[in-house]
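The structure appears below as structure tokens.
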Amino acid sequence: MKSEDYRKIYNELSDYEKIPDVARKYGISEELALIIYSHRTVRHATRNFYRIKARSKELVKRWNKGESLLSIAKQHNFPPVLMAQVLLKTAGYGKKELWKMIKEPETIKNPRLKREIKEVLANDHSYSPEALEIQRKRGELGEKQLADWLRKYGIEFERENDIRGRYGKTPDFLLKKPIKMNGYSIKWIESKANFGDKVEMRKNMSRQLKPYVELFGPGVVVYWFGHIEPAPKEENIAVVDASFLERYRPIISDEE
């Protein structure tokens, strides 16, 4: 996807309800639109978190006077689950107690609080347990597709859990023998069940991918929902999308 097209989609996804229309308008899947919406939501929340926290005592007073957690969140264009956590922590609820409310709202004895927690959960599509579970399953599916693809061609690999503790950082797939790609040998593959925009790719490059190169050598990162074109060029890191599995047949390299 071209940067200018992505920016248009990103700017138009100011509200969750706009996802179907924006997806239809730009000819993308609703799942991709949801991912881009989540990018926008999470980044906006990160930028504004401390501003909300600084006003938390004032906002708790409003809640105590009868305003709902959801209405306060909407007024400040802030994720409802995060708003509930900030305000209830300020109101004196402990961290474990808050997480239990979020994960098990039916256990809440206070009728008003139970109703309002259910409201924020139903209206938060980035931070609710349901939203996080969707993200987790999306990630698992991508990794399964990669594992199946490697096994199909007899490529042996170790998973993150197999090598954790042996290295400072661990890719999703560390190949036992490198495979040939674009003229050099690939030693590892990282799976990202996400869309690679400039912010996402820059973050992943610095925090994960460059350290993998230092530890293991050249590798590949797969963004299952595509990435900005042209992708940033980084020595020894290939950036690909899901079509990689269809157009490329891995061949074991003679290099070690």
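Taking amide H atoms as placed 1.01 Å from N in the peptide plane, list the residues 5 or more away in sequence, or in a different chain, whose amide H sits under 5 Å from that of K177.
Distant-sequence amide H within range of K177: E156.
Using only the alpha-carbon atoms of the range 155-205 as identical scatterers, what base-10 log of I(q)/I(0) does the Debye formula give at q = 0.14, 0.22 Å⁻¹?
For the range 155-205 at q = 0.14, 0.22 Å⁻¹, log10 I(q)/I(0) is -0.45, -0.94.
When Lys and Arg each count +1 and Asp and Glu each count -1, what net charge do the other residues less than 11 Å away from V199, Cβ to Cβ, add up to?
For residues surrounding V199, the net value is +3.
Please determine, in degrees from 0 to 90 and to the nearest 10, the orientation of helix 30-54 with respect to the longest principal axis defined by the Cα atoms of the chain, where the helix direction is its Cα long axis.
Result, in degrees: 50.
If eta is 1.002 mPa s and T is 20 °C, what Stokes-Einstein diffusion coefficient results for the range 111-152, Kirkwood Rh from Cα pairs, in µm²/s?
Answer from the Stokes-Einstein relation: 175 µm²/s.
Using a cut-off of 12 Å between beta-carbons, work out the net charge of the residues near L82 (Lys and Arg +1, Asp and Glu -1, L82 not included).
Residues close to L82 contribute a combined charge of +1.
What span do the alpha-carbon atoms of the range 134-247 cover on each of the three principal axes, reported in whole Å from largest to smallest?
Cα spread of the range 134-247 along its principal axes, largest to smallest: 31, 30, 29 Å.
Given an 8 Å cut-off on Cα distances and at least 6 residues of separation, report the relative contact order of the chain as a percent.
15 percent
Of (i) 114; (ii) 153; (iii) 171, which is the value of volume of the Cα convex hull per residue in Å³ derived from the coordinates here?
Computed from the coordinates, volume of the Cα convex hull per residue in Å³ corresponds to (ii).
Just how many % of Cα pairs in the range 3-122 lie over 17 Å apart, if you round to the nearest whole percent?
Within the range 3-122, distances greater than 17 Å cover 60 percent of Cα pairs.
In Å, what Rg and Dmax follow from the Cα atoms of the range 58-207?
21.7, 67
Can you tell me the dipole magnitude for the chain around its Cα centre, using point charges on the Cβ only (Lys, Arg +1; Asp, Glu -1), in Debye to the nearest 20?
Computed charge dipole of the chain: roughly 1300 debye.
At 7 Å along Cα-to-Cβ for each site, give me the label-to-label distance between R249 and E229 in nm.
2.5 nm
How high is the relative contact order of the range 163-245, given as a whole-number percent (alpha carbon pairs under 8 Å, six or more residues apart)?
It rounds to 28 percent for the range 163-245.
Can you tell me the order of 10-22, 113-125, 94-106 when each peptide is scored by its average per-residue count of other Cβ atoms within 10 angstrom, highest first?
113-125, 10-22, 94-106
Computed from the coordinates by the stated procedures, all read-outs in this text should not be read as laboratory data. Just so you know, these numbers come straight off a predicted model, no measurement behind them. Note that we place each Cβ from the backbone using ideal geometry, even for glycine, and neighbour counts take in every protein chain shown.
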